[in-house]
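Comments concern the structure below.
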Amino acid sequence: MNGTSSTCAQMTDHSFTVALDQLSSTQGLDLQRIQPPTHDIHQWHTAEGAHVQLIANRDRPMFDLVLRFKAGSAFDGDKPGLAALTFELLDGARVAEQLQGVGAIMEHNITRDYAMFMLRGLSLPALRARVMQLVTQMIARPAFGPPDFSAARKRLLDEQKASNDVDAMLLGTIEAHMFAGHPYATAHTGTTEGLARITPEQVATFHRQAYGSGNLEIGLVGDLSLEEAETLIAPLVQALPQHWMAITPPPLPITKGQTVHLEQPSSNTRIWLTLPLRAYPTDTDYPALLMVDKMLGASFESRLTTELRLRRGLTYSIQSVLVSRDAGCLWHIIWDTRPAYRDASLALVLDLIKCFGEQGPTKAECEFALNHFAGQLLRLMADSAALAKGLTILGHRKHPADQLAHYLDKLAVLEPENIRQVARGMNLNEAFIVTAGPAVDQQPLPTIGEPASP
């Protein structure tokens, strides 16, 4: 017996809230009402077209500033690597050293959708002014000189060579399949051939377009009044190019399901299961999709962890990751297992997803997921840097200013049936599965309660 017969058994609804209601110490408490801290959000568009959102926080004499440009590799066109090379030429590393001298730190990264700069500094007026002078010089007035150009291209080529671990290989295989023919098809660092063909003139043109003020979302959190915030960002937005906005990439292409095995010597087999979801954070059923992800694999108490790790000992860790992009979502499920259980563990995961769509979650799972989201939201709102980043994401997605305040409310009103319907809509026939490990004879699942054989 391989133990699969109990996989789709109806789960017992042991509601945590019902259990607490039996305790005398919890009487009179509303255990189902989670009230996150709220912030007043000021938002406006500058005369140059940049969208700004500010949360004033006087607790500490500092501020967090996030600049999010629609300047990712999806806008490379026929020049793979153009966005990454332009981003690299802004030379954030050099400016970061100068910022440290005025008590500021900066991080930056680029994806297929955007280029982002995250800055933290002291809110003293003189220091603020110097910080923004450096940032404005870096982003709005970069010097695209030949020596810098060659060095930046070399850094990107080195980064491509360094991305050779198992997960990078599996993700590259997945994205090559999922993004075929789409602007996302090329890695954000471009290609060796593409980088070799890009000229300084093409970089300058891309910069004039993608790094325009109308292409910019700004998030600000910290010790700033509205007037001080306007003064802080004015030099930057006024110095940026204007009158160009990026067009949202088309939806992800429809692909057929496929399973690919990559032969690799290893004591374990790495498995990535990916579903393309033509879903967007602005969709009305997106909150239910978040709950599906949380209940199935995005927490230690999820169904996948319970079944594969705790009950069967097939893996140490299994997780699901919902990746939201402008063109749609990818839902990844990732785990390691012994090579002999590659096929059996994969069949089990597919069966668990199917069963969740047939039966939906229990009330207890809904309560736990909601509390888990509440904890995440509380941590986000207590971290000013994360909050500033979140403001730019909300602004980019055209969410209302009170989105954070009502986020939990949207999750709390979901019934198990709402969540089941979203899970049921997941088309497992579109799943792309890629595994990496040795080729060995496959074994059936171990009996529940017994350790998996080595």
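Overview of values
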quantity	calculated
Yes/no for Ala298 being more than 20 Å from Asp409 (Cβ to Cβ), modelled with pLDDT under 90 and open to solvent by 10 Å² or more (accessible area, probe 1.4 Å)	yes
Segments classed as helices (runs of 4 or more DSSP H), wholly inside region 70-146, with at least 2 members that are open to solvent by 20 Å² or more (accessible area, probe 1.4 Å)	92-100, 125-140
Subset of region 50-69 [in a loop (DSSP other than H, G, I, E, B) and more than 21 Å from Val237 (Cβ to Cβ)]	Asn57, Arg58, Asp59, Arg60, Pro61
Residues (over 17 Å from Asp326 (Cα atoms) and either open to solvent by 80 Å² or more (accessible area, probe 1.4 Å) or in contact with a Pro (Cβ under 8 Å, 6 or more places away or on another chain) (or both)) located in region 251-291	Thr255, Lys256, Gln258, Thr259, Glu263, Gln264, Pro265, Ser266, Ser267, Asn268, Thr269, Met291
Residue identified as touching a Leu at 6+ places or on another chain (Cβ under 6 Å) and not basic (Lys, Arg) among Gly103, Gly145, Gly181, Gly172	Gly103
Some residue of region 238-250 being crowded, with 23+ Cβ neighbours inside 10 Å and on the phi > 0 side of the Ramachandran plot	no
Residue check for Arg303: of a type in the set (D, E, K, R), open to solvent by less than 10 Å² (accessible area, probe 1.4 Å), out of contact with any strand residue (DSSP E or B) (no Cβ under 9 Å at 6 or more places or on another chain) and within 29 Å of Ala347 (Cα to Cα)	no
Check on Leu262, under 30 Å from Ser384 (Cα atoms), over 24 Å from the mean Cα position of the chain (by Cα) and not in a helix (DSSP H, G or I)	no
1 or more residues modelled with pLDDT under 90 and open to solvent by 40 Å² or more (accessible area, probe 1.4 Å): qualifying helices (runs of 4 or more DSSP H) within region 365-429	403-412
Criterion (buried (at least 17 other Cβ atoms within 10 Å of the Cβ) and on the phi > 0 side of the Ramachandran plot) met by exactly one of Gly181, Gly190	Gly190
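The values are calculated or read from the model by the stated rules, or taken from the named source; none is laboratory data. Only a predicted model underlies this, so the values are computations on that prediction, with no experimental measurement involved. Because the Cβ atoms are built from the backbone with ideal geometry, glycine has one as well, and the counts that use them run over all protein chains shown. We work out accessible area using only protein heavy atoms, side chains counted, and drop any ligands, DNA or RNA first. Shrake-Rupley method; radii C 1.70, N 1.55, O 1.52, S 1.80 Å.
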